[in-house]
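Following: one structure in structure tokens, then a few remarks.
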Amino acid sequence: GSVTKVPYTGPSIFDHPSATGTLYDWLFVAMTSLLLHGNAWGYITGRDGYGYPTGIEWIPPEDVAVVDDETQPWNPLRAQIYAYGRLMDRSELFHVKAFSLAGRTEGVSPLRAFALTVLSGLEAQRYGTSWYQSGGFPPGTFQNQELEIDADQAEQIREMLTSAMRRRQPLVGSCGSATTST
């Protein structure tokens with residue numbers, strides 16, 4: 001025998017997703033939340049017989065706070081989610097992330113994701129430039145084992161050493177007992 005396929009004609013989230021506005025308005029609010037904040041948080045107002053949402057009212061992302069569990073900050077399932085200051089049950093919420101990060105409950109916006117990518121590249125470039133400007137040598141320690149110096153004298157020595165490293169010149173001091181080590 002052949003199997004007769006019957007299309008599902010029950011309620012859908014796209015029939016009447018919100019008590020106010022049109023489907024376009026509802027989708028626009030979700031997209032704006034995702035693009036500007038990285039998250040779209042919704043309060044589920046209805047479910048079908050299978051448990052799927054039939055109504056979701058979007059919550060402004062700035063009114064949602066995620067508090068990670070201090071004992072397991074890497075575990076998003078342990079995070080507590082507050083909407084308008086009220087602790088929410090996760091079964092009440094619908095959450096969509098723009099960009100997901102491992103171990104994080106909240107997503108990041110496309111602008112934030114771009115900024116993180118650019119920032120990591122700039123930091124690597126800055127580190128490389130600084131490395132070569134100092135002659136390719138990492139900062140070392142300057143040890144004085146014979147004389148007692150105060151904080152002002154220590155700062156003067158640090159400035160002399162830093163300045164000499166930036167100019168790629170050897171440091172010449174007046175005390176022969178001071179040594180450098182890397």
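Out of the stretch 8-50, which residues are in a loop (DSSP other than H, G, I, E, B) and within 32 Å of the chain's Cα centre (by Cα)?
Step one: list which residues in the stretch 8-50 are in a loop (DSSP other than H, G, I, E, B), which gives 8-22, 38, 48-50.
Scanning the stretch 8-50 gives Ile13, Phe14, Pro17, Ser18, Gly38.
Would you check if there is a residue in the stretch 87-107 being among the acidic types (Asp, Glu), open to solvent by 70 Å² or more (accessible area, probe 1.4 Å) and either without any contact (Cβ under 8 Å) to a residue 60 or more places away in the chain or touching a Cys at 6+ places or on another chain (Cβ under 7 Å) (or both)?
Yes, there is a match, as at least one residue in the stretch 87-107 is among the acidic types (Asp, Glu), open to solvent by 70 Å² or more (accessible area, probe 1.4 Å) and either without any contact (Cβ under 8 Å) to a residue 60 or more places away in the chain or touching a Cys at 6+ places or on another chain (Cβ under 7 Å) (or both).
Quick check: anything in the stretch 83-96 more than 25 Å from Asp15 (Cβ to Cβ) and hydroxyl-bearing (Ser, Thr, Tyr)?
Yes - at least one qualifying residue is present in the stretch 83-96.
Determine whether Leu111 is surrounded by 10 or more Cβ atoms within 10 Å (Cβ to Cβ) and modelled with pLDDT of 70 or more.
Taking the combined requirement at face value, the residue satisfies it.
Taking interchain pairs and intrachain pairs at least six residues apart, which have beta carbon atoms under 7 angstrom, with the first residue in the stretch 155-182 and over 14 Å from Gln145 (Cβ atoms) and the second of a type in the set (Gly, Ala, Ser) and at pLDDT below 80?
Close Cβ pairs (under 7 Å, with a partner that is of a type in the set (Gly, Ala, Ser) and at pLDDT below 80) amount to Met165/Ser134; Met165/Gly135; Arg166/Ser134; Arg168/Gly135; Pro170/Ala164; Leu171/Ala164; Thr182/Gly140.
Of the conditions (1) of a type outside the set (D, E, K, R); (2) under 25 Å from Val108 (Cβ atoms); (3) in contact with a helix residue (DSSP H, G or I) (Cβ under 8 Å, 6 or more places away or on another chain), Ile59 satisfies every one except a single condition; which number is it?
Answer for Ile59: the failing condition is (3).
Does the stretch 63-83 include one or more residues that are open to solvent by 70 Å² or more (accessible area, probe 1.4 Å), of a type outside the set (A, V, I, L, M, F, W, C) and in contact (Cβ under 8 Å) with a residue 24 or more places away in the chain?
No - not one qualifying residue is present in the stretch 63-83.
The values are calculated or read from the model by the stated rules, or taken from the named source; none is laboratory data. Not measured: the values here are computed from a predicted model. Note: ideal-geometry Cβ built from the backbone for every residue, glycine included; neighbour counts use all protein chains shown. Heavy atoms of the whole protein, side chains included, go into the accessibility calculation; ligands, DNA and RNA do not. Shrake-Rupley method; radii C 1.70, N 1.55, O 1.52, S 1.80 Å.
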